[in-house]
Each structure stands twice: as C-alpha cells, then as structure tokens.
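These notes are about the structure you will find just below.
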Amino acid sequence: MGNRNTSMKLPSSAKSDNSRATQFQQTPPTYEESTQNVMEKYKKQVQHAETPEDLLEPLLSGMGIYEKRKLIEDAPDVVFKDMDLTQKTLNLETQLEDANYDELAQRVAYRYHLLNAASNRNWYKELIKLDVTLRWIIQRRTWCEQKAKALQTCQRDMSSPDLSRLEAYEEQIKSLNSRYWVTHRKQWIESDKLRSISAKRALTRQRKHTDWYLSGVLREDCAKRGGCCGRSCGCCERTRMTKVYTDGVRDRGHCTTACSCCLETHGIDGEHLEMKDVDEVHFGPLRDDHTLRLLKGYIFYLNGME
Ligand SMILES: [Zn+2]
Ligand SMILES: [Zn+2]
Ligand SMILES: [Zn+2]
C-alpha cells in the first residue's frame, strides 16, 4: 500500500515539475531581463557603429547615465574621426542637448576633440590664465574690503597711519575693479576667436551652467593646491563678494593665492601679495594627466562629471 502510494506520487510530482518548466518558458522576461536584453542590444549597436547617428537611439533610450557614458567611451574611433562626419557629430550633440543631456553632448564633443583637434594647446592655456586672473582679482578685492572694514569698525578716531592704510586699500580696490574689466573683455575676445568647433561649442555649453566649475576634476585641483575644496568651509561654492556689485562679475570660483580663508588657514600675511598664480599654469607633454584634467575642467566637464 505504502509502496503504491509512493509510486503514485512520483509521476504526479514529475508532471508538476514538467508543467512548471513549460510555464517558465512561456513567462515573459522580467523587467531586469528585458532591460538587460535592451542594454546588450545597444552595446552591440554601439560597438559596430559607423556614424554618430548610430549612437542616437541608445543615448536617448531609458538606460542609466552610467551605461550611456560607457557607450560614448566604447564607440569606435571611426565614428568621430572621419571628418566627413563632423556635421553628424554636431547634430548628435544638438539632439542630446535638446533632450537635456548636456553632459552626454559634452562627452561626445570631448571624444571628437581628442581625435581631431590640432596639437596646439596655447588657446586654452590662455583661457585658463584669464580665468585664474579673474578669480584672483575678485578674491583680492574681497580681502581688501575685509581689511578696510576691520579698520573702520575697530576705531572711531582713526590714527593717521591707519587712515593712510584705509586709503591704500580703497585705492587697491579701485585699481582691481578696472583690472577686472580689462581681463573680462580679454576673456571674451579670446573665447570668441576659438577655432576648434568642438571646443567652442563645448565651452559655450559648459558656461551655460553656472556651477560648471564644480566638476570633480577642478575640485580635486583646488584641494590639491591647498584650497578650500580640501576643507569643509565651502568658500568655493558660495559668492566670494562682501558687497553687491553689478551683474556680470563672476563671484564664485576656486581658490587662488588671494583667498582670505586660505591665507588665514595657512597663517599667511596677505599684505604684500602679488599675483603669481598664472605662472603656475603649465602643460606637460601632449595629453599628460595634468593637461587633460585642465582641458576637461575648463572646457568640457560640468558639475557632477568626474
Ligand atoms: Zn580658499
Ligand atoms: Zn574656505
Ligand atoms: Zn575650490
């Protein structure tokens, strides 16, 4: 009896396993499985891509940003290297931009630039120097304002030496103001005469974002120079100015040797400070890490890009 029962159970159990197997085959793929399949399909499509147009569908799909970044990195050089396809690369950038994917458009422009741009790098060395100069001027002006304010609030009847110090700070502020506008104009002229299409477009797109300078590469650069990004004070993220000025002044940015917070932290008397920061802008051999970091930071990368 017991034997019969056991033998009867076996086929029934086998049948049920069988029907489960059939059921499994008929079940549609899960969300994860179908996403995986789509990703594999796009990965292959990009690996065999011949023109920038082949990248459009995968880059506009519902895939995550990390996968899309990887797709741009993995696309064959030929997609961006053939100069006949330049217009198609520009179209791809525009379509990504229109779909609010500025970051991806910047990555496309960066790949195109590395493959096609001339080895002359003086143009962006000049732009970086102007950027550093503008930041130095703003930070120096803030330092002067802080010193002047301290003198004014400490003493009601100011002694003659203090009065002349106050006048000296005010003179410095005036001269920094005119230096700012001279440098600002020069910056515009230099960026407007950029000949590289990819760099010019990338620069324009980068500067549309007011927090562009907070990309990982420039934060790291600031921190390694002993700047505020290496501490928790947050000076680089907020306005550097103590007073309200007219529009058009770039009041945010990374530290220079004129940053009041850095001077205080490092115990430096800023009284006779001269701007030597631009002398530190150096490029190594073609495409060394430092040079590429500056190229990404000042032209191609946005906040959130590492
Ligand atoms: Zn600082
Ligand atoms: Zn600080
Ligand atoms: Zn910083």
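Every number in this text was worked out from the coordinates using simple rules, so none of it is lab data. Remember, it's a predicted structure, so these values are computed and weren't measured experimentally. Reconstructed Cβ throughout: ideal geometry from the backbone, glycine too, with neighbour counts over all protein chains shown.
In degrees from 0 to 90, rounded to the nearest 10, what is the angle of the helix 31-47 Cα long axis to the longest principal axis of the chain? Long axis of 31-47 versus the principal axis of the chain: about 70 degrees.
Taking Cα atoms only, the orientation of helix 86-98 departs from the longest principal axis of the chain by about 90 degrees. Sorting the segments 37-48, 263-274, 215-226 by their residues' average number of neighbouring beta-carbon atoms within 10 angstrom, most packed first, yields 215-226, 37-48, 263-274. The three principal axes of the Cα atoms in the stretch 75-162 give end-to-end lengths of 74, 32, 17 Å, sorted in falling order.
In this simple spin-label model, placing a label point 7 Å from the Cα along the Cα-to-Cβ direction at both Q36 and N100 gives a separation of 3.1 nm. Please identify which residues in the stretch 161-193 have an amide N closer than 12 Å to a label point set 7 Å out from the Cα of L151, following the Cα→Cβ vector. Residues passing the 12 Å test: 161-173.
How tilted is helix 2-26 with respect to the longest principal axis of the chain? Cα atoms for both, answer in degrees (0 to 90, nearest 10). Relative to the chain, helix 2-26 is tipped by roughly 50 degrees.
Taking a straight Cα-Cα cut-off under 19 Å and skipping sequence neighbours fewer than 8 places away in the same chain, the aspartates and glutamates within cross-link reach of K81 are E50, E53, D54, E73, E93. Using the average count of surrounding beta-carbon atoms within 10 Å as a protection proxy, the listed peptides 172-182, 275-285 rank, highest first, as 172-182, 275-285. Positive end of the dipole of the stretch 50-116 (Cβ unit charges, origin at the Cα centre): among Q106, L92, L60, the Cα lying farthest that way belongs to Q106. Take each peptide in 250-261, 87-98, count the other Cβ atoms within 10 Å of every residue, and average; sorted highest first, the result is 250-261, 87-98.
Report summary: the helix-based calculation at 222 nm, which adds -39500 (n - 2.57) for every DSSP H run with n ≥ 4 and divides by the residues of the chain, gives -20500 deg cm²/dmol. For the chain, the square roots of the Cα gyration tensor eigenvalues, ordered a ≥ b ≥ c, give a/c of at least 1.5 with a/b greater than b/c, which places it in the prolate category. Within the stretch 50-116, the ratio Rg/Rh, alpha carbon atoms throughout and Rh by Kirkwood, equals 0.92.
The charge dipole of the stretch 121-300, taken about its Cα centre with unit charges on the Cβ atoms of Lys, Arg (+1), Asp and Glu (-1) only, comes to about 960 debye.
Think of the stretch 121-300 as a dipole: +1 on every Lys or Arg Cβ, -1 on every Asp or Glu Cβ, centred on the Cα centre; then among A199, T265, L127, A199 lies furthest on the positive end.
Place a point 7 Å from Cα of E171 in the direction of its Cβ. Which residues in the stretch 105-146 have their backbone N less than 19 Å from it? It comes to 140-146, nothing else. Considering every Cα-Cα pair within the stretch 121-300, what fraction, in whole percent, is farther apart than 26 Å? Of all Cα-Cα distances in the stretch 121-300, 34 percent exceed 26 Å.
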